[in-house]
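First up is the structure itself, then whatever we jot down about it.
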Amino acid sequence: MDWSDSENQKKFRTEVIDYIEKNLPNYYKKLKPPTGLESGDWQNFFVLGDKYQKQAASDWMKALQKKSWVAPHWPKQYGGAGLSSIDQFILHQEMAFHDAPSVGGQGVSMLGPTILIHGTDEQKQMFLQPTLEGKMLWAQGFSEPGAGSDLASLQARAEKNGDNYQINGQKLWTSRSHKSNWIFGLFRTDPDAPKHRGISFFVMNQNSPGLSVNPIIDMAWEHSTNETFYENVEVSSNNVIGEENRGWYVAMTLLDYERSNISGAVHIRKRINELIDFLNKKENIIFNYLSSRFRSALTDRYIESEVLFNFSFRIVSLQSKDIVPNYEASVSKIFNSELSQKISNVGTKIFGLYGNLWDEKTAPMDAYFTREYTHSVVRTIFGGANEIQRNIIATRGLGLPR
Ligand SMILES: Cc1cc2nc3c(=O)[nH]c(=O)nc-3n(C[C@H](O)[C@H](O)[C@H](O)COP(=O)(O)OP(=O)(O)OC[C@H]3O[C@@H](n4cnc5c(N)ncnc54)[C@H](O)[C@@H]3O)c2cc1C
């Protein structure tokens, strides 16, 4: 199989690299390697950053808007770039390689394409352009205290009240809702229907009266996720995406977009190469002589990162045939999340006692692997736990009985 670029792809790659090098704000260039779940996240800077971070996020958004590269996968008529799947892959590859954040968060990557499939013309008008411009920033309200893997058991209710719905209940793990102004979520509209059928997909303003957000602080002492509470929140029936009680199918479209992450492979490959360069540098003499145990672990991770790269190509090749990746996205999600944990494990252990340092000034490689060691734990849980992805592969991929 020949993965090399065609002449046109080479030209596009050069255009992307030039543009990133000229337009990526210095603030992002200085952030290498981005540590933590939050620091490389565009929305974090755009909403919660200091004035320099906000400026960098806004400059980068404007630069991408000029090329319509905020949403390279959306059709041109809705403000996207309408790029082919392979050109999108090239763009994502180079953005990841240059640690240039993608812009617009879950609204651009997942909700936009879902509205394009299931939304009315009026909803496309209302939500797509403001999402592209960073005016609507989105959080995802699916999970609840009693509904994670078994999402269809969700209990938060939306009861019809004239032209509106009245929403009550709780959502859990609503990442980024403290830096979003809109939220999409699933609520039960028919408690008597079989559990997958009585659910509708809503979008709502987070400033709606009765909606409140409580922080959850993780084991790295970072705030990336929340619990959200709904007490008699009024939402218009125009804010239901797709048909009432058919929200489960809308959500499944969205989750397929969530799991087909193709930038992960580039990030992982880059971090391994940086680790190898660091270990080979003469000034890092105390790390120059690795035991054979670490050498073979590092070699295995390197090979696995190439395998992950090929899984990404598989996803892209399906997308280029207009097939939404399904169990293939689950394969890639499992491999990606487990590999990121294994790499942070090796990276931390190689540094021995230095691996305990969290201080970016004294720790090797700015404490990247130490931080990743804690951050990567959740990667096998969010976006659907890996055990659930294995069930998807078993049933939809291998055709095994449930
Ligand atoms: C950091 C973080 C961010 C998140 N962000 C969001 C967000 O923005 N929005 C959102 O809606 N949700 C979010 N989630 C929620 C995430 O999707 C759920 O945590 C995940 O789906 C698992 O659900 P649960 O936590 O309820 O665990 P459970 O479903 O209770 O699972 C517990 C364990 O049992 C296993 N298990 C459960 N059922 C089965 C089964 N049928 N077969 C085999 N094993 C099974 C699971 O794999 C897991 O190991 C986030 C979670 C985390 C940790």
Worksheet item: of a type in the set (D, E), over 20 Å from the mean Cα position of the chain (by Cα) and away from the ligand (no atom under 13 Å from the Cβ), is that true of D256?
Response: no
Worksheet, complete the sentence: Exception for S305 within (1) more than 20 Å from the chain's Cα centre (by Cα); (2) at pLDDT 90 or above; (3) of a type in the set (S, T, N, Q); (4) under 23 Å from W3 (Cα atoms) falls at (1)
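Please verify whether K333 is within 14 Å of the ligand (Cβ to nearest atom), part of a helix (DSSP H, G or I) and of a type outside the set (S, T, N, Q), treating the condition exactly as stated.
The answer is yes for K333.
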Worksheet item: Do the conditions hold for D87, that is, is it under 25 Å from V316 (Cα atoms), part of a loop (DSSP other than H, G, I, E, B), in contact (Cβ under 8 Å) with a residue 40 or more places away in the chain and of a type in the set (D, E)?
Response: no
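Do you know which of the residues in segment 166-191 that are of a type in the set (G, A, S) and closer than 16 Å to V47 by Cα is most open to solvent (accessible area, probe 1.4 Å)?
S175
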Worksheet item: For L151, are the conditions met, namely being open to solvent by 10 Å² or more (accessible area, probe 1.4 Å), hydrophobic (A, V, I, L, M, F, W, C) and assigned by TED's automatic domain parsing to the domain that holds V240?
Response: yes
Response to the item:
Filtering segment 109-162 for residues that are within 15 Å of the ligand (Cβ to nearest atom) and not in a strand (DSSP E or B) leaves a count of 18
Fill in: Enumeration of residues in segment 206-228 that are more than 13 Å from the ligand (Cβ to nearest atom) and touching a Gly at 6+ places or on another chain (Cβ under 8 Å)
none
Practice prompt. Kindly establish whether Q106 is modelled with pLDDT under 95 and either in contact with a Lys or Arg (Cβ under 8 Å, 6 or more places away or on another chain) or in a helix (DSSP H, G or I) (or both).
Written response: yes
Item to complete: Answer yes if at least one residue in segment 226-237 is open to solvent by less than 20 Å² (accessible area, probe 1.4 Å), under 13 Å from A139 (Cβ atoms) and in contact with a Ser or Thr (Cβ under 6 Å, 6 or more places away or on another chain), and no otherwise.
Response: yes
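The values are calculated or read from the model by the stated rules, or taken from the named source; none is laboratory data. Keep in mind it's a predicted model, so treat the numbers as computed, not measured. Virtual Cβ from ideal backbone geometry, glycine too; neighbours counted across all protein chains shown. Areas reflect the complete protein model, heavy atoms only, side chains present, ligands, DNA and RNA absent. Shrake-Rupley method; radii C 1.70, N 1.55, O 1.52, S 1.80 Å.
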